[in-house]
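Working notes, structure below.
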Amino acid sequence: MSWLFGGTRGRESTDLQARIGELEAEILRGERRLSEIVTAFSEPVWVLDSELRPTHWNAPLVALSRKQALAKEDLRDLGVHAWFREPEIRDALATTISSGQSVKIQFEADGRFYELSCSPFDRGVIAVFHDITQLKRAEQSRLDMVVNVSHELRTPLTAIKGFTDTLIDDLATGRIEDCRQHAAVIARNVDRLLELVQDVLQVSILESGEMPLQLRNVSTRAVTEAALQSLEQVSRHSGHRIVTDYAVAELQADPARVEQVIVNLVGNALRYVPADGGEIRIRWVEDAGRVVLRVEDNGPGISEELKPRIFERFFRGDLGRSRDSGGTGLGLSIVKHIMIRHGGTVSIESQQGSGAAFICRF
Ligand code: ADP
């Protein structure tokens, strides 16, 4: 009987060994599967055990933590602190493990913003990093826009309020001769408000990317003449000489937007170039197979330090001059966005004191 008993035990132990072998193979398969899943993510992913020891990670995580130079074995030995300096990352990972709840935090590293989502996983934690820099910048940009618009609206609104009170006084005291002058100030500031609201709307629509372009064959002469006609009120009395050159006859573009580009660039030249001897050239030329619009003037030009800033929303080079002459600080920003929407660029060639040339490449 004993051999029979012994035989059963022998079989049991073989079965047990086989089962252990199967389990080990299963664990190994699971490990490999987890590694494959973590590697497949394009976002940085990190798996840590209950002692906060990293067990799995992918290349984006190694890049994010700037540990590319280290071998895999060395990475395994590093503690959380050595991977990331930010204490809030360690806290989020530890809280996820201790609470068994998912934790989300946002943090900034090297000028970029991230959201870190930590979820409990197999007594440890799995952490995914999302780069939310674009989102943050868009949020900040919307906030800046609201602040800037409110600031810009305040000046004309304050003038309208003040002069309306004065006008009421004028009427009450019978100073009729002052009424016309004060009403004219109100009218001027209402025009300014309208111009501002129109420009803000344009910038918002262009920046949101929601405006589909109406692309068609556009005659360079027709679109330039249409733009000059809308500027006629200003240009007729300004005394500037305006010269046109149509070396290119046509381009594929949205005519209304191209007209806006010319109005803004020529409008600026009329504003900043002294009328006496002032010359503005609008030239349609070809350069390396691309249609190029050049708006050149012989005015004061733009200094090196202003160049990188003048396409920013609400940026004015010369506050007093721009505001006095009706500038909103949005004209060049609108030009930039229209060019980007056309897959083109706008650049400046200028030296202070020797005129400015705005170059729009379609
Ligand atoms: P705005 O003219 O309403 O101030 P813009 O965005 O059109 O706003 O222009 C931004 C700034 O660029 C202006 O305030 C001015 O300082 C400068 N600028 C634009 N065009 C010219 C030009 N032709 N000559 C000199 N400076 C210019």
### Message
Anything in the range 194-251 that is charged (D, E, K, R), farther than 24 Å from T328 by Cα and within 21 Å of the chain's Cα centre (by Cα)? List them, or say none.
### Response
none
### Task
State all residues of the range 215-237 that are over 14 Å from V263 (Cα atoms) and buried (at least 16 other Cβ atoms within 10 Å of the Cβ); if no residue qualifies, say none.
V218
#### Entry: Flag for Q214 being at pLDDT below 95 and of a type outside the set (D, E)
yes
### Query
Just one of I205, I186 is more than 16 Å from the ligand (Cβ to nearest atom), crowded, with 16+ Cβ neighbours inside 10 Å and not assigned by TED's automatic domain parsing to the domain that holds R361; which is it?
I186
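Before we move on, is V261 free of Cβ contacts under 8 Å to residues at least 40 places away in the same chain and under 32 Å from the mean Cα position of the chain (by Cα)?
Answer is no for this residue.
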### Query
Pairs, please: C-beta under 6 Å, at least 6 apart or cross-chain, first residue farther than 14 Å from S204 by Cα and in the range 133-155, second surrounded by 11 or more Cβ atoms within 10 Å (Cβ to Cβ)?
T133/R112; T133/F113; K136/F113; E152/L196
### Task
Identify the residue in the range 126-158 that is surrounded by 12 or more Cβ atoms within 10 Å (Cβ to Cβ) and among the β-branched types (V, I, T) and, among all such residues, is farthest from D49 (Cα to Cα).
T155
### Task
List the number of the failed condition for F113; all other conditions in (1) surrounded by fewer than 14 Cβ atoms within 10 Å (Cβ to Cβ); (2) more than 28 Å from S50 (Cβ to Cβ) hold.
(1)
### Query
Between a first residue in the range 99-113 that is in the same structural domain as R123 (by TED's automatic domain parsing) and a second residue that is of a type in the set (S, T, Y) and surrounded by 11 or more Cβ atoms within 10 Å (Cβ to Cβ), which pairs have beta carbons less than 6 Å apart while being 6 or more apart in sequence or on different chains?
S102/S119; V103/T95; V103/T96; K104/S117; F107/Y114; R112/T133; F113/T133
### Query
Would a scan of the range 316-336 turn up a residue that is farther than 19 Å from E195 by Cα and among the β-branched types (V, I, T)?
no
### Task
Exactly one condition in (1) touching a helix residue (DSSP H, G or I) at 6+ places or on another chain (Cβ under 8 Å); (2) basic (K, R); (3) without any contact (Cβ under 8 Å) to a residue 24 or more places away in the chain is not met by R216; state its number.
(3)
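The values are calculated or read from the model by the stated rules, or taken from the named source; none is laboratory data. If you're wondering where the values come from, they're calculated on a predicted model, not measured in any experiment. All Cβ positions, even for glycine, are placed from backbone atoms using ideal geometry, and neighbour counts span all protein chains on display.
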